[in-house]
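Okay, so here's the structure we're looking at.
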Amino acid sequence: MAKPHLFYDNRLGDAAVVASSTASSFAAANVADWRPYTWWKPTALPATLTVDCGSAKAADYALVYGHDLYSKGCTLEVRGSTDNFGASNVLVATVTPTSDEPLLALFNSASYRYWRLRITGGAVPTLAIAAIGARLELPTWLNQPFDPVGRQIMGQSNRSERGQPLGRVVQFEAWKEQIKLERVAWSWVRSTWLAAWRAHLRSTPFVFGWEVDLYPTDLKLVTAGDKFDTPHFSGSTCDLTFDVEAVVT
């Protein structure tokens with residue numbers, strides 16, 4: 001079993017993303033904005049998204065959230081290079097999706113100045129969010145009452161004047177949970193958690209994976225709550241709690 005993971009670090013956000021081709025109104029920059037309603041679409045395959053990080057930067061995962069790669073019969077490659085894909089063109093990972101659910105590839109950490117996603121296959125796909133970066137593995141597993149499946153209907157229930165049910169207008173379903181990490185090292189909170197919070201988590205959506213080994217497609221695009229808490233114990237440990245919320249289907 002895997003500990004929970006947060007995916008937010010993104011080499012595609014280090015500099016302007018260069019696409020091999022781009023359909024009108026589907027800019028390549030859309031994949032790096034962490035918004036599920038903006039899209040990139042190439043005009044031909046194979047298609048690539050390439051970024052120059054300026055210097056060698058590490059990554060150990062690739063993720064695509066909001067896509068039709070499976071429906072279009074596509075395969076995703078993660079590639080790295082030291083010379084903008086001249087003599088150096090290293091295949092880091094390959095993923096063939098089995099559905100249009102979120103797509104995750106985990107691999108051994110590697111560092112390159114140039115990173116690339118390459119798409120091959122039959123028909124031109126559309127991608128909302130893409131990331132290549134260094135994952136954040138949380139230091140403990142999640143205990144009860146954490147619920148990875150439960151959800152709340154957001155909408156309006158309608159009844160007659162006599163209270164008889166007429167139906168419900170469902171706008172969307174929400175998943176809301178408090179993440180509690182018990183007895184984590186205070187040094188980890190100060191050095192790792194605070195850096196991630198300030199850099200991304202407090203202001204921008206990110207992807208939460210509660211069990212990436214058993215359920216690699218159960219990835220939720222979440223926003224964090226307004227605060228986190230770190231009540232202390234003796235011995236330099238504390239509990240870390242924070243809220244997350246996502247729209248689920």
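Miscellaneous remarks
- The strands (runs of 3 or more DSSP E) found wholly in segment 145-249 and carrying at least 1 residues that are modelled with pLDDT of 95 or more and surrounded by 14 or more Cβ atoms within 10 Å (Cβ to Cβ) occupy 165-185, 206-209, 219-229, 237-248.
- Qualifying residue in segment 136-148 (condition: without any contact (Cβ under 8 Å) to a residue 12 or more places away in the chain and outside the structural domain of Glu101 (by TED's automatic domain parsing)): yes
- Selection status of Thr126, surrounded by 15 or more Cβ atoms within 10 Å (Cβ to Cβ), farther than 27 Å from Gln178 by Cα and modelled with pLDDT of 95 or more: yes
- Meets criteria (over 18 Å from the mean Cα position of the chain (by Cα) and of a type outside the set (D, E, K, R)) for Ser99: no
- Taking the criterion of being closer than 19 Å to Ala16 by Cβ, in a loop (DSSP other than H, G, I, E, B) and among the hydrophobic types (A, V, I, L, M, F, W, C), the residues of segment 31-84 that qualify are Trp34, Trp39.
The values are calculated or read from the model by the stated rules, or taken from the named source; none is laboratory data. Computed from a predicted model, the values in this text were never measured in an experiment. Virtual Cβ from ideal backbone geometry, glycine too; neighbours counted across all protein chains shown.
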